[in-house]
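Below: one structure, written as structure tokens.
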Amino acid sequence: MGLKGWIAWHAVAKKIDLDALLSTTLATYEMLLEKEGDAEKATRAFWNIGRKAGARMLAKYAEHVGKHAVEFYEFAKTYNFAYYFYTGKTYDKITIIPEEKKIVYEDYNCPLCRGVLAPKEIRDKVRICITVDGIYTEVCKLRGFNAESWETKCRAAGDECCRHELRLID
Ligand SMILES: [Zn+2]
Ligand SMILES: [Zn+2]
């Protein structure tokens, strides 16, 4: 998509305050932590919420994305654009690793967890932005790609970036 397309999409995007979204995100994660008992299980549950959101998002924008991502590695661009569309920011770094059938998205100033540092007891396991991976996974599956995305680093866990790794399984 050319720059013109990006600008047009930017103009039609309805904005929600990121702090409002962040409050909801943290409240949801906290609920899941209480319910599931540990950060790993809470993260997986939050990933599943992302998958449900992904199905809705795709249904809503299906007619616009129809011609995109016919080849797996095109998701590097497609998801960068979707990320920009929803957060107002692109990824800082996207790496394609063909030998691992992987696309790696990195955000060093992720708006989805901005200012959050998880409590020490659970910090290394926390993945606050995991709904992104649920969304990427579901949209891939619905578009006929057996792929899974997981957040392998998170700023809320004290990492330098939020990293989403999308891998084609077969
Ligand atoms: Zn983040
Ligand atoms: Zn994160």
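Key figures
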item: E151 being in a loop (DSSP other than H, G, I, E, B) and either closer than 26 Å to K60 by Cα or out of contact with any helix residue (DSSP H, G or I) (no Cβ under 7 Å at 6 or more places or on another chain) (or both); result: no
item: 1 or more residues touching a Leu at 6+ places or on another chain (Cβ under 6 Å) and within 16 Å of ligand 2 (Cβ to nearest atom): qualifying helices (runs of 4 or more DSSP H) within the range 29-146; result: 39-65, 130-142
item: Residue satisfying all of: in the range 65-123; surrounded by 12 or more Cβ atoms within 10 Å (Cβ to Cβ) and of a type in the set (G, A, S); farthest from G158 (Cα to Cα) among these; result: A69
item: Conditions (1) within 11 Å of ligand 1 (Cβ to nearest atom); (2) assigned to a loop (DSSP other than H, G, I, E, B): number failed by E160; result: (1)
item: Where a residue in the range 94-115 is closer than 9 Å to C162 by Cα and its partner, wherever it lies, is charged (D, E, K, R) and at pLDDT below 95, with Cβ under 9 Å and at least six apart; result: D107/K89; N109/K89; C110/K89
item: Hits in the range 98-151 (condition: of a type in the set (A, V, I, L, M) and more than 17 Å from the chain's Cα centre (by Cα)); result: L117, A118, I122
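The values are calculated or read from the model by the stated rules, or taken from the named source; none is laboratory data. A quick note: this is a predicted structure, and the numbers were derived from the prediction, not measured. Here the Cβ is made from the backbone with ideal geometry for all residues, glycine too, and neighbour counts use every protein chain on show.
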